[in-house]
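First comes the structure, then the notes that go with it.
Quick note: the coordinates plus some simple rules give every number you see, no bench work behind them. Because the structure is predicted, anything quoted here is derived from the model rather than measured. Cβ: placed from backbone, ideal geometry, glycine included. Neighbour counts: every protein chain shown.
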Amino acid sequence: MKICVSAAGSGLDAPVDQRFGRAEGFVLVETDTMEAETLENPSSQENHGAGVRAAMSGADLVVAVTEPTRSARSDLLRLLDLADHFGIETGLVLNRADLCEDEARGIEEAARDRHVALLGRIPYDESIPRGLSSGRVAVECSPRTSEALGTINRRLLELLGPAGGPALPLHPRTLDHAQEEIIP
């Protein structure tokens with residue numbers, strides 16, 4: 001299975017580019033071998049999500065990371081529509097999930113309605129930006145964040161199955177019953 005990550009550089013050590021559709025490029029990782037291929041994003045300056053479309057081509061799984069804001073929800077729904085159009089399984093990570101519980105619930109409900117597996121919720125923690133600015137990684141800055149990221153990792157591995165192969169059918173509409181197994 002291949003996973004696509006937006007990147008601000010090349011290779012497995014490249015930093016994640018938080019601007020998925022406008023990312024500098026993408027790193028495609030073959031999960032069976034951990035071989036990585038770096039792709040430029042020629043659509044990074046295009047309008048109307050061309051970069052997202054470019055990133056999804058050839059991917060087996062989209063992991064959408066969003067925050068509980070109206071703007072982010074709107075962007076997420078467009079991304080989910082696109083993934084559904086291409087028949088690509090999608091998992092959701094809700095970052096800074098506790099900043100606005102009403103928006104977070106709305107996003108989680110929209111994900112459930114679209115049969116998208118919620119991989120986890122990362123709580124907001126003021127120690128993260130301070131730690132990152134001093135060269136520490138997020139899991140070193142906050143036990144709550146470390147626990148949330150561990151949960152997301154376990155759920156992602158469950159979703160991928162043994163040796164990185166798909167454990168679940170590869171389309172969001174088929175996750176009705178499987179999602180209950182992933183999300184407690």
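Multiply the residue gap between S74 and E126 by 0.36 nm, knock off their C-alpha separation, and tell me the result in nm, one decimal place.
Working: separation 52, 0.36 × 52 = 18.72 nm, distance 2.57 nm.
16.2 nm is the gain from fully extending S74 to E126.
Please list the non-local residues whose amide H lies under 5 Å from the amide H of G91, H modeled 1.01 Å from N, same-chain partners needing a gap of 5 or more.
Under 5 Å from the amide H of G91 lie the amide H atoms of V62, V63, A64, each far enough along the sequence or on another chain.
Applying the Karplus parametrisation 6.51 cos²θ - 1.76 cosθ + 1.60 with θ = phi - 60° to the phi angles of region 126-134, what ³J(HN,Hα) value in whole Hz is obtained for each residue in order, glycine and proline being reported as x?
Whole-Hz 3J(HN,Hα) from phi for region 126-134: 5, 6, 5, x, 5, x, 4, 5, 9.
Return the FRET efficiency for the residue pair H85, V16: r is the Cβ-Cβ distance, R0 is 25 Å, and the value is rounded to the nearest 0.05.
The calculated FRET efficiency here is 0.55.
Highest mean first, how do 144-155, 27-38, 82-93 rank when packing is the count of other Cβ atoms within 10 Å averaged over residues? It would help to have the intermediate numbers written out before the result.
Working: 144-155: 16.4, 27-38: 14.7, 82-93: 19.1.
So the peptides 144-155, 27-38, 82-93, ranked by packing, come out 82-93, 144-155, 27-38.
Between E40 and D102, what length comes free when the chain is fully extended (0.36 nm per residue of separation minus the Cα-Cα distance, one decimal in nm)? List each step's numbers first, then the result.
Details: separation 62, 0.36 × 62 = 22.32 nm, distance 3.71 nm.
Full extension from E40 to D102 adds 18.6 nm.
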